[in-house]
Amino acid sequence: MRFYCGKDYDEMSRKAANLISAQVLTKPDSVLGLATGSSPIGTYKELIRRYEMGDLDFSSIRTVNLDEYKGLSGDHEQSYRYFMDTHFFDHVNIDKANTNVPNGLAEDTDGECARYDDLIASMGGIDLQLLGIGHNGHIGFNEPEDIFRKETHCVALAESTINANSRLFEKKEDVPRYAFTMGIKNIMMARKIVMVISGEDKADIVAKAFFGPVTPQVPASILQLHPDVSIVGDAAAFSKISL
Ligand code: F6R
């Protein structure tokens, strides 16, 4: 596990973009696993800037996103498909047909989970998975529980996650209660993992997840067992660990 510390959010974002740029440059047809949320927005902005400067080419890149709210269509403003389009895909030369997000409107829940697992396998697995971390240690929507769920599944969101995400909805009741998410095995099978973490409010979970015991009660702790993880944080997020 390597730790990269930026002094603030922008520097953290540039460092994360460096790692993703290296992947795109060395393997132009990479499969990138992508995340939504506040943490990677700066990383996407920086990747867009590098694309606009002519330094990056996404034309052969394929992507697979971690998760999606169940019940939201891709054109709903709070859907993760909409997030990805507006924060990244619409601004680079990626072929949208090569971008994948779970279908929030799928009626056959188990069928959609199986389709997503098959899709990841058919792409040859994930070369680099970008992650954020929840205050309770969740990755994707893998919430604390007694076991690590392996594959794509539909999950009831923890109250803390609903509260954290309600800032983006008009009212808390509008936050969907369920989501599709890749499982821990899907994430751990990625050849490289890059996690972005920003802010003092994440400092406790950073210490717990990466310096505490590996347990499904802190899902991100499993990353301690992955052979190629880069944790990219700002000084505030790293304020409770000594590097
Ligand atoms: C988003 C995702 C979530 C977020 C996490 C942190 O696709 O999978 O696990 O990474 O909730 O969110 P932010 O970055 O908004 O603090």
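In whole Å and largest first, what semi-axes does the C-alpha gyration tensor of the stretch 123-166 yield when each eigenvalue is scaled by 5 and square-rooted?
Values: eigenvalues 91, 36, 18 Å².
So the three semi-axes of the stretch 123-166 are 21, 13, 10 Å.
If each DSSP helix of 4+ residues adds -39,500 (n - 2.57) and the sum is divided by the residues in the chain, what number results at 222 nm, nearest 500 deg cm²/dmol?
Working: 7 runs with 73 residues, N = 243.
It lands at -9000 deg cm²/dmol.
Connecting C-alpha atoms closer than 10 Å in a GNM of the chain, tell me which of Val214, Val31, Val64 has the biggest fluctuation.
Val214
Straight-line reach from Lys15: which lysines fall under 20 Å, measuring Cα to Cα and dropping same-chain residues less than 8 apart?
Lys7, Lys27, Lys45, Lys192, Lys202
Over all distinct alpha-carbon pairs, what is the Kirkwood Rh of the chain in angstrom?
Hydrodynamic radius (Kirkwood, Cα only) of the chain equals 17.9 Å.
Cα atoms only, the stretch 137-230: Rg and Dmax in Å?
13.7, 41
Mean 1/r over all different Cα pairs, inverted: what Kirkwood radius does the stretch 79-183 give, in Å? Walk me through the numbers on the way to the answer.
Working: mean 1/r = 0.0656 Å⁻¹.
Result for the stretch 79-183, one decimal place: 15.2 Å.
Of the chain, which part is the longest with no GluC sites (Glu not before Pro) in a loop (DSSP not H, G, I, E, B) and with at most 13 other C-beta atoms within 10 angstrom?
Values: sites that count: Glu77, Glu107, Glu145, Glu170.
Counting only loop sites that pass the neighbour cut-off, the longest clear stretch is 1-76.
When DSSP beta bridges are limited to those with both residues in the chain, what percentage is antiparallel, rounded to the nearest 5?
Working: 9 of 31 bridges.
Within the chain, antiparallel bridges account for around 30 percent of the total.
Using only the alpha-carbon atoms of the stretch 2-113 as identical scatterers, what base-10 log of I(q)/I(0) does the Debye formula give at q = 0.19, 0.23 Å⁻¹?
Results for the stretch 2-113 at q = 0.19, 0.23 Å⁻¹ read -1.01, -1.31.
So what is Rg over Rh here for the stretch 54-94, counting just Cα atoms and using Kirkwood for Rh? Please list the in-between numbers first.
Details: Rg = 11.7 Å, Rh = 11.3 Å.
With Rg and the Kirkwood Rh in hand, the quotient comes to 1.04.
Work out which helices of the chain, taken as complete DSSP H runs, extend at least 18 Å along their axis over the Cα atoms and score a mean Kyte-Doolittle of -0.5 or more, then list them.
Working: long enough: 9-26 (26 Å, -0.13); 109-122 (20 Å, -0.52).
Membrane-span-like by this rule: 9-26.
Read-outs: derived from the displayed coordinates by stated rules, not from any lab. Just so it is clear, the model here is predicted, and its values are computed rather than measured. Neighbour counts are summed over all protein chains in view; Cβ atoms, including those assigned to glycine, are modelled from backbone coordinates with ideal geometry.
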